[in-house]
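> Here it is, the structure, as structure tokens.
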Amino acid sequence: MIQTTFDNATKPLLTPEALYGTREKKSDVCIITFSYKAVQWALEHLHCERVAEISSTGYRYPIYRTEWMGKEICFYMTMISAAAAAACLEEARCLTGAKKYILFGSSGTLDRSSTDGKLMVPTAAYRDEGVSYHYVPASDYIEMKHWETVAAFFEKQGVSYITGKTWTTDGLYRETAGNAEKRRQEGCISVEMEAAGIQAVCDYHGLSLYNFLFASDCLEQEEWKNELLGTSGEKEMQVKCFQLALHLAAGL
């Protein structure tokens, strides 16, 4: 059963180092985005150097390095879903040597009245995915370790935000009304596909994760409502969040 999957007594049979070898460190902090628009903005407005790439059978995901406020920062666009994003992080860890990772992206809101006009800072993630059980012992929730740092940064920047739990699920089309209500009753304000998995990888490797979200759609009652997802407004929000991530990275 998946609850007994975690094995910390024996070594992994495959590692990123076996694929890529040992690489020199590129930066101490790395931004992870799901948005090609954010990457496009960076390439158009910043001096960026392509320092590595994450390879897959279908596509290559470049890792770039830029300088922001005197600090070297890496960034890359990751694949969607906890398992895919976790694999990308494993390889980015090997290729960049970064110890700190900033992850942001869109999510569904479970409570529109609380999250409207605010960024969301997850404090814990419900583990409704598979990959996290390979990295840390089984539990319902995993703590998002540095949410206080993100919240303090938003306070300093004057950014409107709310803290709360998030629901990480692999089942994009199985987010039922009943399960959404259960998570809402437990304090979840958002639903997404990666936070629990990425936090588990970071915990296993002793890395630091800083995560925040914005709402692009709503699963508040018994129907789905699209508000930003796939629109120009979402793309603009992704760029704004990338800029915030740069400022956050510069202070870490």
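The values are calculated or read from the model by the stated rules, or taken from the named source; none is laboratory data. What you are looking at is a predicted structure, and each value in this text was computed from that prediction instead of being measured. Positions of Cβ are backbone-derived with ideal geometry, glycine not excepted, and every protein chain shown enters the neighbour counts. Calculation scope for accessible area: heavy atoms of the full protein, side chains included, ligands and nucleic acids excluded. Shrake-Rupley method; radii C 1.70, N 1.55, O 1.52, S 1.80 Å.
> Any residue in segment 164-171 that is closer than 24 Å to residue 84 by Cα, surrounded by fewer than 18 Cβ atoms within 10 Å (Cβ to Cβ) and not polar (S, T, N, Q)?
Here is the first cut: in segment 164-171, the residues closer than 24 Å to residue 84 by Cα are 165-171.
Among the residues that remain, those that are also surrounded by fewer than 18 Cβ atoms within 10 Å (Cβ to Cβ) are: 170-171.
Filter once more, so that each one left must be not polar (S, T, N, Q): 170-171.
Yes: segment 164-171 contains one or more residues that are closer than 24 Å to residue 84 by Cα, surrounded by fewer than 18 Cβ atoms within 10 Å (Cβ to Cβ) and not polar (S, T, N, Q).
> Only residues that are in a helix (DSSP H, G or I), in contact (Cβ under 8 Å) with a residue 60 or more places away in the chain and over 14 Å from residue 107 (Cα atoms): list them for segment 155-192, please. Step through it out loud before you land on a result.
Within segment 155-192, the first condition is being in a helix (DSSP H, G or I), and the residues that meet it are 155-157, 172-174, 177-185.
Of the ones still in play, those that are also in contact (Cβ under 8 Å) with a residue 60 or more places away in the chain are 157, 180, 183-184.
Residues satisfying the conditions are 157, 183, 184.
> Note down all Cβ pairs under 7 Å where the first residue falls in segment 195-216 and is in a loop (DSSP other than H, G, I, E, B), the second is open to solvent by less than 10 Å² (accessible area, probe 1.4 Å), and they're at least six residues apart or on different chains.
Close Cβ pairs (under 7 Å, with a partner that is open to solvent by less than 10 Å² (accessible area, probe 1.4 Å)) amount to 207/101.
> Let me ask another. Take residue 161 and tell me if it is in contact with a strand residue (DSSP E or B) (Cβ under 8 Å, 6 or more places away or on another chain) and within 12 Å of residue 212 (Cα to Cα).
Values: in contact with a strand residue (DSSP E or B) (Cβ under 8 Å, 6 or more places away or on another chain): yes; within 12 Å of residue 212 (Cα to Cα): yes.
Yes: the conditions hold for residue 161.
> Further question on the same structure: Mind telling me which of the residues 79, 69 ends up being of a type in the set (A, V, I, L, M, F, W, C), within 21 Å of residue 134 (Cβ to Cβ) and either without any contact (Cβ under 8 Å) to a residue 12 or more places away in the chain or open to solvent by 40 Å² or more (accessible area, probe 1.4 Å) (or both)? Full working, then the answer.
Values: 69 fails: within 21 Å of residue 134 (Cβ to Cβ).
After applying the criteria, what remains is 79.
> Within segment 107-161, can you find the residues that are among the charged types (D, E, K, R), open to solvent by 50 Å² or more (accessible area, probe 1.4 Å) and touching a helix residue (DSSP H, G or I) at 6+ places or on another chain (Cβ under 9 Å)?
128, 143, 145
> Before we move on, is residue 52 farther than 17 Å from residue 200 by Cβ and either in contact with a strand residue (DSSP E or B) (Cβ under 7 Å, 6 or more places away or on another chain) or surrounded by 17 or more Cβ atoms within 10 Å (Cβ to Cβ) (or both)?
When the stated conditions are applied, residue 52 passes them.
> Specify the residue that is farthest from residue 209 (Cα to Cα); the eligible residues are those in segment 27-45 that are of a type outside the set (D, E, K, R) and open to solvent by 30 Å² or more (accessible area, probe 1.4 Å).
Out of the qualifying residues, it is 45.
> Still on this structure, please answer the following. Can we say residue 92 is under 22 Å from residue 215 (Cβ atoms), buried (at least 20 other Cβ atoms within 10 Å of the Cβ) and either modelled with pLDDT of 95 or more or in contact with a Lys or Arg (Cβ under 9 Å, 6 or more places away or on another chain) (or both)?
Judged against the criteria, residue 92 is not a match.
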